[in-house]
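Undergrad: Okay, here's the structure, questions in a sec.
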Amino acid sequence: MFSRTQKTGLVALVATLGLLATGCTNSAGVTVTDPWIKATNTSMTAVFATLTNEGSQDVSLVGATAEFAPMLEIHEVVDGVMREKTGGVVIPAGESISLEPGGDHIMLMGLTSEISAGETVTVEIEFSDGTREVFDVLVKNYTGANEDYDPGHSDEMEMG
């Protein structure tokens with residue numbers, strides 16, 4: 001039989017696995033599902049996911065942090081050119097938005113190390129209401145997401 005401590009640990013593990021399988025919902029009512037990052041050996045890459053606002057009010061994704069990337073921005077791609085998206089990404093109440101290659105995404109810049117396919121990394125996102133969500137993100141090989149950058153950005157900004 002399991003001890004009381006072991007049972008408590010098992011219950012916590014099952015609950016965590018359930019959240020990972022179904023997505024995580026923060027206090028803003030936003031669920032993050034299918035998050036992934038493009039594997040790279042360069043200084044930048046991006047986070048993609050589906051964000052579902054299960055709340056009754058619109059909320060915006062306005063920021064992000066990650067231990068392995070000192071600079072993160074919310075980006076959009078317009079006419080094949082990537083640029084920072086002022087004001088973040090609105091997630092309408094009761095709807096989903098996709099962070100995807102060629103569209104809105106979270107740009108990670110100045111990576112401190114290579115990230116390889118199969119790894120899992122942790123990212124924290126921030127919403128306009130001040131709430132935050134921490135989640136694990138799978139690193140995948142992907143050959144796309146090679147957009148041009150706004151002329152105001154440095155020539156070093158190549159996503160590998």
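Bear in mind that the values in this text are calculations on the coordinates, not laboratory data. Quick caveat, the model's predicted, so the values are computed rather than measured. Here the Cβ positions follow ideal geometry from the backbone for every residue, glycine too, while neighbour counts run over all protein chains shown.
Undergrad: If you put +1 on each Lys and Arg Cβ and -1 on each Asp and Glu Cβ, how big is the dipole of segment 25-147 around its Cα centre, in Debye rounded to 20? Please list the in-between numbers first.
TA: Working: 5 positive and 19 negative charges, 42 e Å.
Dipole size: approximately 200 debye.
Undergrad: Extending each Cα 7 Å along its Cβ direction at Glu76 and Thr50, get the distance between those two points in nm, one decimal.
TA: Rounded to a tenth, the inter-label distance reads 2.3 nm.
Undergrad: I would also like to ask the following. Would you please give the residues with an amide H less than 5 Å from that of Tyr142, counting only those at least 5 places away or on a separate chain, with H modeled from the backbone geometry?
TA: The list, which skips near neighbours in sequence, is Ala39.
Undergrad: Still on this model: Report, by chain and number, residues whose modeled amide H sits under 5 Å from the one on Ala46, excluding near sequence neighbours (fewer than 5 apart, same chain).
TA: Lys38, Leu108
Undergrad: Here's a follow-up. Quick check: residue separation of Glu100 and Thr120 times 0.36 nm, minus the Cα distance between them. What number comes out in nm?
TA: Values: separation 20, 0.36 × 20 = 7.20 nm, distance 1.83 nm.
Gain in length upon complete extension: 5.4 nm.
Undergrad: Further question on the same structure: Can you list residues from other chains, or at least 5 along the same chain, whose modelled amide H is less than 5 Å from the amide H of Asp129?
TA: Ser60
Undergrad: Shifting gears a bit: What nm distance separates the two modelled labels at Asp34 and Asp58, each placed 7 Å from Cα along Cα→Cβ?
TA: Here the answer is 2.5 nm between the modelled labels.
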